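A quick write-up on the structure given underneath.
The values are calculated or read from the model by the stated rules, or taken from the named source; none is laboratory data. This one's a predicted model, so the numbers in the text were calculated from it and none came from an experiment. Virtual Cβ from ideal backbone geometry, glycine too; neighbours counted across all protein chains shown. Remember, those area values only see protein heavy atoms, side chains included, never the ligands or the DNA or RNA. Shrake-Rupley method; radii C 1.70, N 1.55, O 1.52, S 1.80 Å.
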Amino acid sequence: MDSSSPQAAPEPRKGMPSPRLNREDFEARYRSRFHDPAFDGLKAEVDRIVAVAWDAYENQRKSPVTRKAGDGFADPDYDLAVDWIAANDMIQAAKARHADPEGPMRILLVNGSSRSEHSCPGEMSKSWRLTQIAQEVFDGQNGFETTVLDLSRLTSEFGREIHPCKACFSTAAALCHFPCSCYPNYSLGQVHDWMNDIYPMWVEAHGIFLVTPVNWYQVSSPMKLMMDRMVCCDGGNPDPSSTHGKDAREAKQIELDGWDYPRHLEGRQFSVVVHGDVEGAENVRRSLSDWLRFMKLQPAGPDAELDRYIGYWEPYATSHEALDKDTDIQAEVRIAAEQLARAVRARRDGKLVTTYEGLESPRQK
């Protein structure tokens, strides 16, 4: 091909065959939702529900309710899922709140532990306690508004889910939509996706305060689910009509023609607190901080990124007593929160100097 001619999008590569279920297997899985004997008297109703669900699955009705994209989209006549439109409206409203110079300075506190007294019998998590310590710092100052994202709700609430990332970005940047358009997928029963509520929390925030335990040398499962699904926040395509949904060929061509890589969370400040009991705290803190920096968020200060051990090599049964006694880590969490508050206020007042604006790296994800 002549070097001056436009580069054509390559054919999508195919791998394993689609794991489609036959009707018998599908119905067996779907009926398992009604395993409770209380449903035995509703057999006729359940049969009708299963038949409708099978029809949606067989005909792959991922987004059964749509409306035209309308003005402002690349293809105004494209049928967009009403779920995506609602999620996008929430993000646009969050952007307006973030940009309002007269509005409060917004802090998002994320409790990354999957443990709570409402799920695993016993006590609240130490991550929750540290999150509350940080919240007290912000709530004690004028001009701040806090929101707590408690990821332990994934383990304690009915229907509360974050579905796994499907890695659309690895096919082409433009195929990964912001907000994510992979869910809900009604044909596969992948509904109740919490991320459509979580994206606006991050977008409206001026400061992010993350707290997570170390689970097997990594962040907790809920935290990692959220992180993976936030890939669309850094370079994701805000217009699904430009790729007519998930058309891989179109998305590849858009990327090859030159992708502008929009950074939807750029400029926010962050603090990170990681706590462990045996190993891994430093590496987890580094991975979280690196992830946030890559998205062009800024650390709030030299003491805003913290990794500590609570009850190091001591019994789990006394871990809360260990936290009670460790007044140093409590003080360090307050300092990390205070530095985040100062950084957010400095940016609001125009006193925070950023050195990267206008200096976009030639190497993108």
Rounded to one decimal in nm, the spacing of the 7 Å Cα→Cβ label points at Tyr316 and Ala56 is 3.7
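Below 11 angstrom from the Cβ of Ser114, what's the summed charge of the other residues (Lys, Arg +1; Asp, Glu -1)? Before the final figure, lay out the partial values.
Values: positive: Arg115, Arg153, Lys224; negative: Asp150.
Net of charged neighbours comes to +2.
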Additional length obtainable on full extension of the chain from Phe39 to Leu359, 0.36 nm per residue less Cα span: 109.1 nm
Under 5 Å between amide H atoms, partner at least 5 residues away or on a different chain: which partners does Tyr309 have, H built in plane at 1.01 Å? Gly276
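Hand me the trypsin sites (Lys or Arg not before Pro) from the stretch 1-84 located in a DSSP loop with no more than 12 other Cβ atoms within 10 Å, in residue order please. Present the calculation step by step, with values, prior to reporting the outcome.
Numbers: sites: Arg13, Lys14, Arg20, Arg23, Arg29, Arg31, Arg33, Lys43, Arg48, Arg61, Lys62, Arg67, Lys68; in loops: Arg13, Lys14, Arg20, Arg61, Lys62.
Passing both the DSSP loop test and the Cβ count: Arg13, Lys14, Arg20.
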Restricting to DSSP loop positions (anything but H, G, I, E, B) with no more than 12 other Cβ atoms inside 10 Å of their own Cβ, which chymotrypsin sites (Phe, Trp or Tyr not before Pro) remain in the stretch 114-178? Phe158
What number comes out for the charge environment of Thr171, summing +1 per Lys or Arg and -1 per Asp or Glu over other residues with Cβ under 14 Å away? +3
For the stretch 1-94, what is the charge dipole size about the Cα centre, in debye to the nearest 20, if Lys and Arg each add +1 at the Cβ and Asp and Glu each add -1 at the Cβ? 280
Relative contact order for the stretch 96-213, counting Cα pairs under 8 Å that sit 6 or more residues apart, in percent: 40
In this structure, the FRET efficiency calculated for Ser156 and Gln92 from their beta-carbon separation, with R0 = 41 Å, to the nearest 0.05, is 0.85
Near the amide H of Phe209, under 5 Å away, which other amide H atoms are found, from residues 5 or more places off or on another chain, if H is placed in the peptide plane? Leu108, Leu109, Val110, Ser271
Percent relative contact order of the chain, based on C-alpha pairs within less than 8 angstrom and at least six residues apart? 18
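Nearest 0.05, what FRET efficiency do Asp71 and Asp47 give at R0 = 35 Å with Cβ-Cβ as r?
Values: r = 45 Å, r/R0 = 1.28.
Plugging the Cβ-Cβ distance into 1/(1 + (r/R0)^6) gives 0.20.
With contacts defined as alpha carbon pairs under 8 Å and 6 or more residues apart, what's the relative contact order of the stretch 218-365 in percent? If you can, show how the numbers build up before the last one.
Values: 149 pairs, mean separation 30.9, N = 148.
The normalised contact order for the stretch 218-365 reaches 21 percent.
In the stretch 68-127, which GluC sites (Glu not before Pro) fall in coil by DSSP and have 10 or fewer other Cβ atoms within 10 Å?
Working: sites: Glu102, Glu117, Glu123; in loops: Glu102, Glu117, Glu123.
Passing sites in the stretch 68-127 are Glu102.
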Once you've got the GNM for the chain with C-alpha springs shorter than 10 Å, pick whichever of Asp239, Asp290, Asp40 has the biggest mean-square fluctuation. Asp40
Can you tell me which of Val82, Val219, Val353 moves the most in a GNM of the chain? Springs connect C-alpha atoms under 10 Å apart. Val353
In this structure, the FRET efficiency calculated for Glu123 and Val191 from their beta-carbon separation, with R0 = 41 Å, to the nearest 0.05, is 0.80
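For the chain, just say rounded, prolate or oblate: build the C-alpha gyration tensor, square-root its eigenvalues into a ≥ b ≥ c, call rounded for a/c under 1.5, and beyond that prolate if a/b exceeds b/c, oblate if not.
The shape class here is oblate.
Need the full-extension length gain, Glu266 to Gln141, defined as separation in residues times 0.36 nm minus the C-alpha distance. One decimal, nm.
Values: separation 125, 0.36 × 125 = 45.00 nm, distance 2.48 nm.
Gain on stretching Glu266 to Gln141: 42.5 nm.
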If each part is reduced to its alpha-carbon centroid, the stretch 193-249 and the stretch 141-187 end up apart, in Å, by 5
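On a full-extension model of 0.36 nm per residue, what is the gain between Asp228 and Asp349, subtracting their alpha-carbon distance, rounded to one decimal in nm?
Numbers: separation 121, 0.36 × 121 = 43.56 nm, distance 3.28 nm.
That pair, Asp228 and Asp349, stretches by 40.3 nm at full extension.
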Would you compute, from DSSP H runs of 4+ residues alone, the mean residue ellipticity of the chain at 222 nm, taking -39500 (n - 2.57) per run and dividing by the full residue count, rounded to the nearest 500? -11500 deg cm²/dmol
With each label point set 7 Å from Cα along the Cα-Cβ vector, what nm distance links Phe294 and Lys325? 3.9
How large is the accessible surface of Glu338 in square angstrom, using a 1.4 angstrom probe and rounding to the nearest 10? 50
Please compare each pair in Lys68/Lys296; Lys68/Lys246; Lys14/Lys224; Lys62/Lys95 to a cut-off of 23 Å on the Cα-Cα distance and tell me which ones are over it. Lys68/Lys296; Lys14/Lys224; Lys62/Lys95
